[in-house]
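Here is the structure we will look at.
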Amino acid sequence: MSLCPTCSGAKELQGIACGGPSAGPFRMACYDCGGTGEVADIRAIWAREGDQLRATRAARDLSLREAARWVGVTAAEWSAAEFGRIDPKPIRARVAEKALEALGVHR
């Protein structure tokens with residue numbers, strides 16, 4: 001097991017609710033680790049790879065929606081890959097395919 005990349009082992013997340021009777025600060029169990037502070041080792045690897053995917057997208061000044069549309073996935077899928085909730089390898093492979101197509105290289 002590895003330290004949860006979302007809560008950094010704190011087991012909970014903090015936020016601020018806006019509007020309504022429940023407005024103000026709140027705490028909740030981390031949605032990634034379920035409040036344990038740890039995730040499976042593969043999830044930690046996915047989180048690191050997702051960080052690289054996000055950095056690549058940001059370096060090209062693309063919004064998440066633009067990048068997702070370009071490779072043919074949903075914005076939710078792209079986001080989940082960036083945050084390490086799903087394996088980012090299939091999305092990275094589609095990015096590579098699209099880049100090769102843009103260069104005129106066909107496999």
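Computed from the coordinates by the stated procedures, all read-outs in this text should not be read as laboratory data. Everything numeric in this text was worked out from a predicted model, so none of it was measured. As a convention, Cβ positions derive from the backbone with ideal geometry for all residues, glycine included, and neighbour counts pool all protein chains shown.
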Fewest-first sequence of E49, E12 by Cβ atoms within 10 Å of each Cβ: E12, E49
Rounded to the nearest 500, what is the 222 nm mean residue ellipticity of the chain from helices alone, with -39500 (n - 2.57) per DSSP H run of 4+ residues and division by all residues? -14500 deg cm²/dmol
Label-point gap, in nm, between E97 and M28 - each point 7 angstrom along Cα→Cβ: 3.5 nm
Within segment 8-79, list the chymotrypsin sites (Phe, Trp or Tyr not before Pro) lying in a DSSP loop whose Cβ has at most 13 other Cβ atoms in a 10 Å radius. Y31
Once both labels are modelled 7 Å past Cα along the beta-carbon direction, what's the V105-K11 spacing in nm? 4.9 nm
Classify the chain as rounded, prolate or oblate, taking a ≥ b ≥ c as the square roots of the eigenvalues of its Cα gyration tensor: rounded when a/c is under 1.5, otherwise prolate if a/b is larger than b/c and oblate if not. oblate
Report ³J(HN,Hα) in whole Hz for each residue of segment 37-47, in order, from the Karplus equation J = 6.51 cos²θ - 1.76 cosθ + 1.60 where θ = phi - 60°; Gly and Pro get x. x, 9, 10, 4, 3, 5, 5, 5, 5, 4, 5
